[in-house]
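A short write-up of the structure that comes next.
The values are calculated or read from the model by the stated rules, or taken from the named source; none is laboratory data. Values in this document were obtained by computation on a predicted structure and should not be read as measured data. FYI the Cβ positions are ideal-geometry reconstructions off the backbone, even for glycines, and counts take in every protein chain you see. In case anyone asks, the SASA skips ligands and DNA or RNA and just uses the protein heavy atoms, side chains included. Shrake-Rupley method; radii C 1.70, N 1.55, O 1.52, S 1.80 Å.
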Amino acid sequence: MSARIARLVPVLLLLSLLAACKAEVVCTTQQVTCGGQCTSLASDPANCGTCGRTCAAGESCALGLCCTGENCFPAVYAACFNTDSVQGASSLLVPVGAPVAVDDGPISFAWRGPSLWVANSLSSTLDSMKETPVGLQIGGTPSKVKIDGTKFDLEYVAERDALLYVSNAAVGSLVIIDPVATPPVLAEVPFGGFSFPQGIAFSGNKAYVALNGFGFNSVAVVDLVTRTLTKTIDLSGLVAPGANALPARMVVYGNRLYVTLWNLDANYFPAGNGLLAVVDTSTDRLAPAPNPIDLGVSCKNPGGIALLGGTAWVTCGFFAFTATNPAEIEGAAFVPVDVSGAIPAVGPAALATGTAPGPIVFCNGKGYAGDRFSGDVLRFDPTTMSITARGLVCPAIAGMSSYIPDLACAQ
């Protein structure tokens, strides 16, 4: 070997080693290289938002922002109906960021991929929102969908296979929407002008819609393939004579559909305890007894239902529209129903005195319910059966109450 070649060997070895080191730093699409190391600018407290930005002691990094404790980023979003806005709140129920203005009367949420869609009852529109490091913002393509018509009263939105299903109580129909199509409305399934469709649930190739109107008291079954109404399941026989079942919200577990029944009289006052109707989704008939499920004396006017494992949690609470004092609320509780066995079993109720919990969601094991009376959000621990936090998320405006019709977990 010549002297010149001998001198080149260490250099070549060094270059090959450097190349090998460089080749080993291969980051995912969600990461960048900081100081030769792959890192996530969204969550690395040593490189939060940008390389070299270090969060202080006790702070964490959430979506590129240095934050303290559980106030990092919204855990849940609330629809603030009377202020036409959506407000995020931390798991400690502290409002996070400014309220985001939407159209008139936000009433229901549905996630479609990374977009949170908001159904606005009184403007017959849907707004698309995206999470950002500074909270929710209107955004997406498109950012808004308008449902044609002169009568406005949207009540619920649900997502299935990238389509949005919206109950339109103004005309008594289910509207099927592909927000990226032109036109976005693919079909509309009519139920009748006074059917007042509410909650929506899915099983197999069927959609179930609660028909809440007086004189209907039933569940509509819609074929998702043909987009036609195939059947209505009458629930009026599940309540006492003179009472109205008034189905509202529902969940599916296995081959059973569980439907909340307000069970009110003609003056919209409780005609008895809150109830759950049970439908066998394999036959689309009422399931055998016990049916309905009596939710007990602690539950009046059930307002929401959500699954956590094999337990359906039902929120309850009734107050007259003229009520001004929390003491006027009756039958307020969280009621667990074990639906994992052959026969559903109602557990002891967790009382929610002075509140009227309605919409309920479970986010990372924590339960959140919107108070229909005060505009507060309640954090509920299903293990200890207790309300562990409460915070004002949707403040009232002058001359009006505060109403939270829906909640959504942050992604």
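For (1) crowded, with 18+ Cβ neighbours inside 10 Å; (2) among the aliphatic types (A, V, I, L, M); (3) touching a Lys or Arg at 6+ places or on another chain (Cβ under 8 Å), each residue gets a yes or a no:
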residue: G204; (1), (2), (3): no, no, no
residue: G213; (1), (2), (3): yes, no, no
residue: F216; (1), (2), (3): yes, no, no
residue: V219; (1), (2), (3): yes, yes, no
residue: R227; (1), (2), (3): no, no, no
residue: P241; (1), (2), (3): no, no, no
residue: A245; (1), (2), (3): yes, yes, no
residue: L257; (1), (2), (3): yes, yes, no
residue: N267; (1), (2), (3): no, no, no
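The set of residues in the stretch 344-371 being open to solvent by 20 Å² or more (accessible area, probe 1.4 Å) and within 21 Å of the chain's Cα centre (by Cα) consists of V361, F362, N364, G365, K366. Of the residues examined, G105 is one that is on the phi > 0 side of the Ramachandran plot and in contact with a helix residue (DSSP H, G or I) (Cβ under 6 Å, 6 or more places away or on another chain).
From the list A245, A266, A240, A220, the one residue that fits, being closer than 16 Å to S167 by Cβ and of a type in the set (A, V, I, L, M, F, W, C), is A220.
Rundown of residues vs (1) under 21 Å from the mean Cα position of the chain (by Cα); (2) closer than 30 Å to L41 by Cα, yes/no style:
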| position | (1), (2) |
| --- | --- |
| E131 | yes, yes |
| Q137 | yes, yes |
| E159 | yes, no |
| V171 | no, no |
| G193 | no, no |
| F202 | yes, no |
| R227 | no, no |
| I233 | no, no |
| A240 | no, no |
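Going through (1) free of Cβ contacts under 8 Å to residues at least 60 places away in the same chain; (2) over 19 Å from I200 (Cβ atoms); (3) open to solvent by less than 30 Å² (accessible area, probe 1.4 Å); (4) not aliphatic (A, V, I, L, M) one by one, G135 falls short only on (1).
Scanning the stretch 288-334 for residues that are in contact with a strand residue (DSSP E or B) (Cβ under 6 Å, 6 or more places away or on another chain), closer than 27 Å to V222 by Cβ, open to solvent by 10 Å² or more (accessible area, probe 1.4 Å) and part of a loop (DSSP other than H, G, I, E, B) returns N291, P292, N301, G303.
Note on the stretch 354-364: residues that are farther than 20 Å from A248 by Cα and either in contact (Cβ under 8 Å) with a residue 40 or more places away in the chain or acidic (D, E) (or both) total 2. Could you say which residue among L276, L261 is touching a Phe, Trp or Tyr at 6+ places or on another chain (Cβ under 7 Å), open to solvent by less than 30 Å² (accessible area, probe 1.4 Å) and either over 14 Å from V337 (Cα atoms) or not acidic (D, E) (or both)? Result: L276 is the single residue among L276, L261 that is touching a Phe, Trp or Tyr at 6+ places or on another chain (Cβ under 7 Å), open to solvent by less than 30 Å² (accessible area, probe 1.4 Å) and either over 14 Å from V337 (Cα atoms) or not acidic (D, E) (or both). Figure legend. Inter-residue proximity from the stretch 29-42: first residues more than 14 Å from R53 (Cα to Cα), second residues of a type in the set (A, V, I, L, M, F, W, C) and at pLDDT below 80, beta-carbon distance below 8 Å, spacing 6+ or different chains. Indicated pairs: Q30/A42; G36/V25; Q37/V25; C38/V25; C38/V26; C38/C27. Based on what the data block shows, is S402 at pLDDT below 90 and among the hydroxyl-bearing types (S, T, Y)? Criteria met by S402. Taken together, S340, S402, S374 contain a single residue that is touching a residue at least 40 places away in the same chain (Cβ under 8 Å), out of contact with any Lys or Arg (no Cβ under 8 Å at 6 or more places or on another chain), open to solvent by less than 10 Å² (accessible area, probe 1.4 Å) and part of a loop (DSSP other than H, G, I, E, B), which is S402. Which one of the conditions (1) of a type in the set (D, E, K, R); (2) in contact with a Lys or Arg (Cβ under 9 Å, 6 or more places away or on another chain); (3) without any contact (Cβ under 8 Å) to a residue 60 or more places away in the chain; (4) more than 24 Å from A110 (Cα to Cα) does E330 fail to meet, given that it meets all the rest? Only one criterion in (1) of a type in the set (D, E, K, R); (2) in contact with a Lys or Arg (Cβ under 9 Å, 6 or more places away or on another chain); (3) without any contact (Cβ under 8 Å) to a residue 60 or more places away in the chain; (4) more than 24 Å from A110 (Cα to Cα) is unmet by E330, namely (3).
Assessment of the stretch 123-141 against the conditions (under 15 Å from P405 (Cβ atoms) and in a loop (DSSP other than H, G, I, E, B)) yields at least one matching residue. Test T232 against the criterion of being among the polar types (S, T, N, Q), surrounded by 17 or more Cβ atoms within 10 Å (Cβ to Cβ) and more than 24 Å from I107 (Cα to Cα), and give yes or no. When the stated conditions are applied, T232 passes them.
Out of A271, A266, A306, A287, one residue alone is of a type outside the set (K, R) and under 18 Å from R372 (Cα atoms). It is A306.
Table: residues versus (1) farther than 25 Å from T83 by Cα; (2) of a type in the set (A, V, I, L, M).
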| residue | (1), (2) |
| --- | --- |
| P359 | no, no |
| G365 | yes, no |
| Y368 | no, no |
| F373 | no, no |
| D376 | no, no |
| R379 | no, no |
| P382 | yes, no |
| I387 | yes, yes |
| G391 | no, no |
